[in-house]
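Enquirer: Below is one structure. I have some questions about it.
The values are calculated or read from the model by the stated rules, or taken from the named source; none is laboratory data. All values derive from a computational prediction rather than experimental measurement. Note that each Cβ is placed from the backbone with ideal geometry, even for glycine, and that neighbours are counted across all protein chains shown. These accessible areas exclude ligands, DNA and RNA; they are computed on the full protein's heavy atoms, side chains included. Shrake-Rupley method; radii C 1.70, N 1.55, O 1.52, S 1.80 Å.
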Amino acid sequence: MQIKIGMGYDLHRLGPGRRLYLGGLHVPHSRGLVGHSDGDVLIHAIIDALLGAMGQGDIGRLFPDADPATKDIRSPALLTEVMGRLKAKKLKILSLDSVIVAETPKLAPHIPAMKDILCPLLHIGSDQLGIKAKTNEGLGLIGRRKAMACWAVALIGKN
Ligand code: MG
């Protein structure tokens, strides 16, 4: 089996008047992530991990933020496009792990619902997807609730 690994990272600022989306899930919160798309750092980090493993650049190259077609687009649509690229190369996800770094709100209760959305999109079972949430212990921009970030690592392969 041919195996490849990729890592992804993303950060978006938090701002008023935006809905907070993480892993495709609307998480009730006073502010949301600011971005050209919906600012979903979890999906964006996953996309970069998958593109990295395929050697196909990064999300900014695939979906330029100057493109009006992707303005305010929901990130699951971007992920679906990337999964098409994976399928075209007969690659599948073997394992995917991620860490969201956010001071508030408490994300642990929302992780099962995020997995319910992401597993079908990624064509993997719940035991192949890790989503973890950490705070930044009040430190830095994330600790001061100015931003959220996410790390992801993907193992992909084909027979
Ligand atoms: Mg992003």
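Enquirer: How much of the accessible area of the chain, in percent, comes from carbon and sulfur atoms when a 1.4 Å probe is used?
Expert: The computed percentage sits at 56.
Enquirer: For Gly130, enumerate residues with amide H under 5 Å from its amide H, sequence gap 5+ or separate chain, H modeled in the peptide plane.
Expert: Leu96, Asp97, Ser98
Enquirer: Under 20 Å from a label point 7 Å along Cα→Cβ of Lys134: give me every residue in segment 49-71 with its amide N that close.
Expert: 49-50
Enquirer: Further question on the same structure: Write out the trypsin sites (Lys or Arg not before Pro) in segment 81-128 meeting two conditions: DSSP loop, and at most 15 other Cβ atoms within 10 Å of their Cβ.
Expert: In loop regions of segment 81-128 (DSSP not H, G, I, E or B), the sparsely surrounded trypsin sites (Lys or Arg not before Pro) are Lys89, Lys90, Lys106.
Enquirer: Right, something else. Express the Stokes-Einstein translational diffusion coefficient of the chain in µm² s⁻¹, to the nearest whole number, given a Kirkwood radius over alpha-carbon pairs, 4 °C and a viscosity of 1.567 mPa s.
Expert: Using the Kirkwood radius from Cα pairs, D works out to 83 µm²/s.
Enquirer: Continuing with the same structure: Taking Rh as the Kirkwood radius, which is the inverse of the mean 1/r over Cα pairs, what is the Rg/Rh value for segment 119-159?
Expert: Rounded to two decimals, Rg over Rh is 1.15.
Enquirer: Work through the residues other than Gly32 whose Cβ is under 11 Å from its Cβ and net out their charges, Lys, Arg +1 and Asp, Glu -1.
Expert: +2
Enquirer: Starting from the residue with the highest accessible area, list Thr135, Thr104 in decreasing order, probe 1.4 Å.
Expert: Accessible-area ranking of Thr135, Thr104, largest first: Thr135, Thr104.
Enquirer: Roughly how many Å² is the accessible area per residue of the chain, as a whole number, for a 1.4 Å probe?
Expert: The answer is 50 Å² per residue.
Enquirer: Explain nothing, just compute: Karplus ³J(HN,Hα) = 6.51 cos²θ - 1.76 cosθ + 1.60, θ = phi - 60°, for every residue of segment 129-145 in order, whole Hz, x for Gly and Pro.
Expert: 10, x, 10, 10, 10, 10, 8, 9, 6, x, 9, x, 5, 5, x, 8, 6
Enquirer: On to the next question. How much length is gained on full extension from Gln56 to Ile3, taking 0.36 nm per residue of separation minus their Cα-Cα distance?
Expert: Taking Gln56 through Ile3 to full extension adds about 17.5 nm, to one decimal.
Enquirer: Mind checking the full-extension length gain between Arg19 and Ala77? Use 0.36 nm per residue of separation minus the Cα-Cα distance, one decimal, nm.
Expert: Full extension of this stretch gives 19.2 nm more.
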